[in-house]
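Participant: I'd like to ask some things about the structure below.
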Amino acid sequence: MSDISIDLHWHRIEPELKPGAYTAEHTVQLNNGYDVQVDAAPDYGGDPSCTNPEQALASALSSCHMLTFLALAAKAGWPVASYHDHVVAHLGKNPKGKMSVNRLDMHPVVHFDTGFQVNDAELAQMQDRAHRYCFIANTLADFVEINVH
C-alpha cells in the first residue's frame, strides 16, 4: 500500500515554554507546498481563524466518505451531480475517561442528474457501503454516525 505524509512546523515565539503561556499555532504542509495554519480548538485557547485538529479530522472523514461514495455511485451508474456534507465533531471523554473526539456526526446530501432517482433505502444502503469502505472511517471504528438526508 502507499504511504501518505505531511510536514508539521512549530516554533516557540515566547521566551520560555510555560503552561498556558505559549502559542500552539503551527503550520501543516501538504504536498510540499500547500500550507495550512493550525491551532488548538477555540475552547482550548486557539485562534478561531485557524483550522484545528478536530476540524481536520472531520474534514478527512467527510472527504474520504465522499470519495468512496462517488466511486461506488460511479460503479453503480448513479449520476451524482453534487454532494454536500456537514460534519460535527463532538469533544468529550472516551470510555477510558480521556478527552477525545468521541463522535462524528455526518449529514451528507446528494443530488443526482435530472430524471434520476433512488429511494431512501437505496441511498442509505449506498451511504452505509461508503462508510464501510472508507479508510478513515475504518480507522475511527465506531465513532461515526451518518444522518442521510
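All of the numbers you see were taken from the coordinates with simple rules; none came from a lab. Predicted model, so just to flag it, every value in this text is computed and none were measured. With ideal geometry, Cβ positions are generated from the backbone for all residues, glycine too; neighbour counts draw on all protein chains shown.
Participant: I want the local charge near residue 40. Using Cβ-Cβ distances under 9 Å, sum +1 for each Lys or Arg and -1 for each Asp or Glu among the other residues.
Facilitator: -4
Participant: Let me ask you something else. (i) 59; (ii) 50; (iii) 56: which one is percent of Cα pairs over 21 Å apart as calculated from this entry?
Facilitator: Checking each listed value against the structure points to (iii).
Participant: Here's something else I'd like to know. Where nothing but the Cβ of Lys and Arg (+1) and of Asp and Glu (-1) is charged, how large is the charge dipole of the chain around its Cα centre, in debye to the nearest 20?
Facilitator: So the dipole magnitude of the chain works out to roughly 420 debye.
Participant: Please compute the contact order of the chain in relative form: average sequence separation of alpha-carbon pairs under 8 Å and at least six residues apart, divided by the residue count, as a percent.
Facilitator: About 17 percent, as a whole number.
Participant: Highest first, please rank the peptides 17-26, 57-66, 90-99, 40-49 by the mean number of other Cβ atoms sitting within 10 Å of their residues.
Facilitator: 57-66, 40-49, 17-26, 90-99
Participant: Could you tally the net charge around residue 23, taking each other residue with its Cβ under 10 Å from the Cβ of residue 23, Lys/Arg +1 and Asp/Glu -1?
Facilitator: Surrounding charge for residue 23 is -3.
Participant: A follow-up question, please. Determine by what factor the alpha-carbon radius of gyration of region 72-118 differs from 2.2 N^0.38 Å, reporting the quotient.
Facilitator: That works out to 1.77 for region 72-118.
Participant: Taking the Cβ of each residue in 6, 136 as the centre, tally the other Cβ atoms inside 10 Å and list the residues starting with the fewest.
Facilitator: So the ranking, lowest neighbour count to highest, is 6, 136.
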